[in-house]
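First comes the structure, then the notes that go with it.
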Amino acid sequence: MAKLTTRSEDYSKWYNELVVKADLAENSGVRGCMVIKPYGYAIWEKMRDEMDRKFKETGHQNAYFPLFIPKSYFEAEEKNAEGFAKECAVVTHYRLKTDPNNPKKLIVDPEAKLEEELIVRPTSEAIIWNTYRGWIQSYRDLPILINQWANVVRWEMRTRLFLRTAEFLWQEGHTAHATKTEAIEETEKMLHVYADFAEQFMAMPVIRGIKTESERFAGADETYCIEALMQDGKALQAGTSHFLGQNFAKAFDVKFTNKEGKIEYAWATSWGTSTRLMGALIMTHSDDFGLVLPPTLAPIQVVIVPIFRSDEQLAEINKVAEYIQNKLKLKGISVKYDNRTENKPGWKFAEYELKGVPIRIAIGPKDLENKSVELARRDNLTKETKALEGLDTYIENLLATIQKDIYLKAEKHRTENTTSVDSYEEFKKVLEEKGGFIYAHWDGTKEEEAQIQEETKATIRCIPLNNTLEEGISMISKKPSKQRVLFAKAY
């Protein structure tokens, strides 16, 4: 099996190779679009199922809205339309016909032009708020707490599997409320749902914060985000939650009668995560041998590989493997027994290492004699011999330990790669030589923010929630500042 390019050699190449070799995804025949393969989709399903459970626990329901959005709907909220205009795929015709000059070819039928162009969904606020107009008349109709699992299209010319593709999978929550306070509470609540999911399920530490006005979602009054640090020192936005104020209610005339009998516009939120989380997962934990998966997200948590020289030995190992499988399954642990004879054990070890299976069990003739097995951990590549007696409980506890250790390793990496700086010279030096998260003072203006981005390619990732207030002066204008903000180069 061909080895991966190492991370130190070429991080970008390592990532691209890993996604393909670990059977997660591949480029498709459609430029800029990916095929998510079964193993990659199994990981995404685990993410989706856990998030879906969390959404339902917080009172949300799933619904589905059209893929196509009339252009006029999209124009209704000006900032939103402007923010997405350059990324929109547009449907102009509804029929093909045989080319009269070449019967083997098809052409767009010029007679089949749509009266109004349809935008292929880049985000669904417009179609959803147009729908909510018919659902909301009174305060009794509120809140509306809806989530949608869907695909969206944002036309990208430079693409990378999972991180940036023209079409991707995501969920988008869209809620309507009677008061501003309720809507802000919802926005913050969903941010914390995302952060808890990232940290507890993906074992990925994140910083919760608010975006600057320049980085805010088009059409939002406030955008909250979670930011994660990848192994190469770049940040990745892992989820966003938007307080939309009354902007979409006013754009689509969504009014209701409040408890006092007065007519008001509804208050809105929207929030989303996408298959980008797959890229975050890979780049937070994986190593030069392949994927490292937290047990919560591993499609296979334990793999058993037999080592044998004869059919008789294999028959004996089969019995032990079946015993272990049954015990683990009773504990809800997903386990695979790979007794294929066409591949040698060493090949299988490398395969499951590449795919990030958290625990590998090897059983050979000596293990049969000793009533033991060899256990290998994927996260730290250590091995140990364990007795069959009580193995299921030991593995159950070990999976919990691996989950915790993977998180702690990522947190340690983030701590070691977080720097506070006081001058622009120091900022540029750290950014160039070390990278990572940088805390620095900023004067709060778009001008200074834009200058820093233009000169260094670093952006303000967020103003952290519960940020420590600290008097200082901004890096460029030297104006007074009350707190540091989080900068980084980002994906």
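The values are calculated or read from the model by the stated rules, or taken from the named source; none is laboratory data. In this text the structure is predicted, and so the values were computed from the model without any measurement. FYI the Cβ positions are ideal-geometry reconstructions off the backbone, even for glycines, and counts take in every protein chain you see. The protein model used for the area step is the full one, side chains on, heavy atoms only, and it has no ligands, DNA or RNA in it. Shrake-Rupley method; radii C 1.70, N 1.55, O 1.52, S 1.80 Å.
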With charges only on Cβ, +1 for K and R and -1 for D and E, what is the dipole size of the stretch 275-336 about its Cα centre, in debye, rounded to 20?
320 debye
Whenever you get a sec, compute what percent of the accessible area on the stretch 1-158 sits on carbon and sulfur atoms (1.4 Å probe).
51 percent
Would you work out the charge dipole size for the stretch 316-437 about its Cα centre, treating the Cβ of every Lys and Arg as +1 and the Cβ of every Asp and Glu as -1, and quote it to the nearest 20 debye?
420 debye
If R0 = 45 Å, then LYS478 and THR6, at their Cβ-Cβ distance, give a FRET efficiency to the nearest 0.05 of 0.55
When a/c reaches 1.5 or more, the comparison of a/b and b/c decides; with that in mind, is the stretch 440-491 rounded, prolate or oblate per its Cα gyration tensor?
oblate
Run the dipole for the chain about the Cα centre, Lys and Arg Cβ at +1, Asp and Glu Cβ at -1, nothing else charged, and hand back the magnitude in debye, nearest 20.
840 debye
Report the full-extension gain for the segment LYS371 to LYS104: residue separation times 0.36 nm, less the Cα-Cα distance, to one decimal in nm.
89.3 nm
Which stretch or stretches of the stretch 385-402 have amide N atoms under 18 Å from the point lying 7 Å from LEU330's Cα along the Cα→Cβ direction?
387-398
For the residue pair THR401 and GLU342, what label-to-label distance in nm results when each label sits 7 Å from Cα along the Cα-to-beta-carbon direction?
3.7 nm
By the Cα gyration tensor axes a ≥ b ≥ c (a/c under 1.5 gives rounded; else a/b larger than b/c gives prolate, otherwise oblate), the shape of the stretch 87-246 is oblate
With point charges of +1 on the Cβ of Lys and Arg and -1 on the Cβ of Asp and Glu, referenced to the Cα centre of the stretch 352-460, which listed residue (LEU388, TYR424, LEU375) lies farthest in the positive direction of the dipole?
LEU388
Which of the peptides 192-204, 452-464 is most tightly packed, and how do the rest follow, going by the mean number of other Cβ atoms within 10 Å of each residue?
192-204, 452-464
Check each of the trypsin sites (Lys or Arg not before Pro) in the stretch 106-188 and keep only those in coil by DSSP with at most 11 other C-beta atoms within 10 angstrom; list them in order.
ARG158
Determine, from the Cβ-Cβ distance of LYS262 and LEU469 and an R0 of 45 Å, the FRET efficiency 1/(1 + (r/R0)^6), rounded to the nearest 0.05.
0.70
Please give the contour-minus-distance gain from GLU312 to GLU57: 0.36 nm per residue of separation, less the Cα-Cα distance, rounded to one decimal in nm.
86.6 nm
Value at 222 nm in deg cm²/dmol, rounded to 500, when DSSP H runs of n ≥ 4 in the chain each add -39,500 (n - 2.57):
-10500 deg cm²/dmol
Looks like the stretch 396-491, by Cα gyration tensor root eigenvalues a ≥ b ≥ c and the a/c under 1.5 rounded cutoff (else prolate when a/b is bigger than b/c, oblate otherwise), is prolate
Residue (of PHE162, PHE55, ALA85) at the positive-pole extreme of the stretch 45-188, dipole from beta-carbon charges:
PHE162
Please name whichever of ILE304, LEU314, VAL292 sits farthest to the positive end of the charge dipole of the stretch 267-322, dipole taken about the Cα centre and charges placed at Cβ: Lys and Arg +1, Asp and Glu -1.
VAL292
